[in-house]
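Heads up: the structure comes next, in structure tokens.
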Amino acid sequence: MDRREFTTKSAFMGAGLAFSNFVDFARKKSVRNAGLSVSIPIPIQIVIDDVGWWSGKDGHDRQEPYRTGINRNHVPADYQAIVDLGKKLGVRPQAATILCEWDRENILRNVPTITWMREKWENSKWVGPWLDEAADIIRNNQNHYELTLHGVGHEYWEDENMTRAEWADSSGTMRPLDQVELHLDYYEELLNQNQLGSFPSSFVPTAFLHGFGLTGDHPISMAEVVKKRGIEYISTPFENMFNAEGAQFGLFGVDSGVITVDRGEDLLNWDAFSAKPEGVVIGTTCGLHWPNLLHADPNRNSEIVDAWVELLKPYNDKPETLLAKNSSSFRDQLVHHVCTKVQIHDNKFDIDFLETAKLNGQLCNTQLSVKIESERMLTFNSDDLKISNSETFHGKDTYVYTLVVDRINDIEKAVVKFEAL
Ligand SMILES: [Zn+2]
């Protein structure tokens, strides 16, 4: 798998367990009765890594970062590709962003560990009208573009040497706290320089090097450090996470109050470029790297974007999955998928929120989606819940209903009745 985001694939044996849990969790949530099944579908969030570079060059053999590894520079059209993907699918992809090449004032000279040039950082080459053009695309498409924290320079420079990675070392131990705080300060400075908005609420650790809970001698976890900046959601593959066994809910864990989600495995290699995607999304996250969405000729980016749309759209129609509209509805749906239980009796089904109630503090709002697959046309009603939206997809032999239900007053049990038309 080349360098991927991983360093040592076998370093964290405990994480293997988490993956098998994950498949179980993904499948167990559907209950079936003669001709009918009810499930709380698993939400899928799109996460795109390594957005933000202007140079595409993989520089790791000269003590520089890996970047995106493509043989052209990045252009504003590459940002538009993310927006177009979001618009066409009705979702808000996370763009996990690296900001060092957005430094208009060479402020990163002040932090030697943050770039390969250390005190001699010089970025004038990448200062030009493309910065404002890309920033405009990001600012004007907030419903279909989420700027996610990835890093400033992606790696960590000790003396002249590039080491992996910016936030944690190769065993997942957080970097010295004062350095982590400085890197976060400068991330915010670069957002401000370019008017890219307030500090993000989601985070993808670079090189997927991350520890769940405390690491090394640190009295504070990385999750708690970024929580103070406003991060509410960390996305990383548990296969590569230190202390993955500490994640309490299989598909996700709660670390200092921050939901940490198993990204699982990406469909494509990090450097697959100018190629249409193939494969099956298994878990919570459709993870990709920026080149995976782009064409060698940026004028043809839409060909690759459209291929992703074609691959991902059917996940909205399957009874066991849905594409999350944004990060907060993703988090809510994931908590319900794992914790909320359904049971069918005759002409009704029960929804049991008893386990979910333990995580009420993690929920952003009161809505969840429930899907019903049936051979017959049905109508639904409930005295306990508000059914605020209902979509129907007519498959080959069945109907798939998506009910968006509002759980009012944190109730612990609800009944939904259904009737054949
Ligand atoms: Zn990365």
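What follows draws every value from the coordinates through simple rules; no lab data is involved. Remember, it's a predicted structure, so these values are computed and weren't measured experimentally. Using ideal geometry, Cβ is built from the backbone for each residue, glycine included, and neighbour counts are taken over all protein chains shown.
Most tightly packed first, judged by the mean number of other beta-carbon atoms within 10 Å of their residues, the peptides 130-143, 257-270 read 257-270, 130-143.
How high is the relative contact order of the range 48-169? Use alpha-carbon pairs under 8 Å, at least six apart in sequence, and give a whole percent. Across the range 48-169, relative contact order equals 29 percent.
Using C-alpha pairs under 8 Å with a sequence gap of at least 6, the mean separation divided by the residue count of the chain gives a relative contact order of 20 percent. Principal-axis analysis of the Cα atoms of the chain puts helix 301-312 at an angle of about 30° to the longest axis. Each residue in His345, His74, His144 was given a count of other beta-carbon atoms within 10 angstrom of its own, and listing them fewest first yields His345, His144, His74. The GluC sites (Glu not before Pro) of the range 273-367 that DSSP puts in a loop, and whose beta carbon has at most 11 other beta carbons within 10 Å, are Glu278.
Counting other Cβ atoms within 10 Å as a rough exposure proxy, the listed residues Tyr66, Tyr399 run Tyr399, Tyr66 from fewest neighbours to most. Calculated mean residue ellipticity at 222 nm for the chain: -6500 deg cm²/dmol, from DSSP H runs with n ≥ 4 weighted as -39500 (n - 2.57), summed, divided by the residue count and rounded to 500. What does the net charge come to around Arg118 if you take all other residues with beta carbon closer than 9 Å to its beta carbon, with K and R at +1 and D and E at -1? Within the 9 Å Cβ shell, the charges total -1.
Equivalent ellipsoid of the chain: semi-axes from √(5λ) of the C-alpha gyration tensor, largest first, are 39, 23, 18 Å. Exposure proxy ranking for Trp167, Trp157, Trp116, based on other Cβ atoms within 10 angstrom of each Cβ and starting from the fewest, stands as Trp116, Trp157, Trp167.
Relative to the longest principal axis of the Cα atoms of the chain, the long axis of helix 15-28 makes an angle of roughly 30 degrees. A simple spin-label model places pseudo-atoms 7 Å from Cα toward Cβ; at Val415 and Gln142 they are separated by 4.4 nm.
The C-alpha atoms of the chain define a longest principal axis, and helix 327-339 lies at about 50 degrees to it.
Could you tally the net charge around Lys396, taking each other residue with its Cβ under 14 Å from the Cβ of Lys396, Lys/Arg +1 and Asp/Glu -1? With Lys, Arg at +1 and Asp, Glu at -1, the neighbours total -3.
Here the Debye sum runs over all C-alpha atoms of the range 340-420 as equal scatterers in vacuum, and log10 of I(q)/I(0) at q = 0.12, 0.19 Å⁻¹ comes out as -0.35, -0.83. Computed over neighbours whose Cβ is under 13 Å from that of Asn360, the net charge equals -1, Lys and Arg +1, Asp and Glu -1. The string of couplings for the range 268-277 from the Karplus curve (6.51, -1.76, 1.60, θ = phi - 60°) is 10, 5, 4, 10, 5, 9, 6, 9, 6, x Hz, one whole number per residue in order, with x for Gly and Pro.
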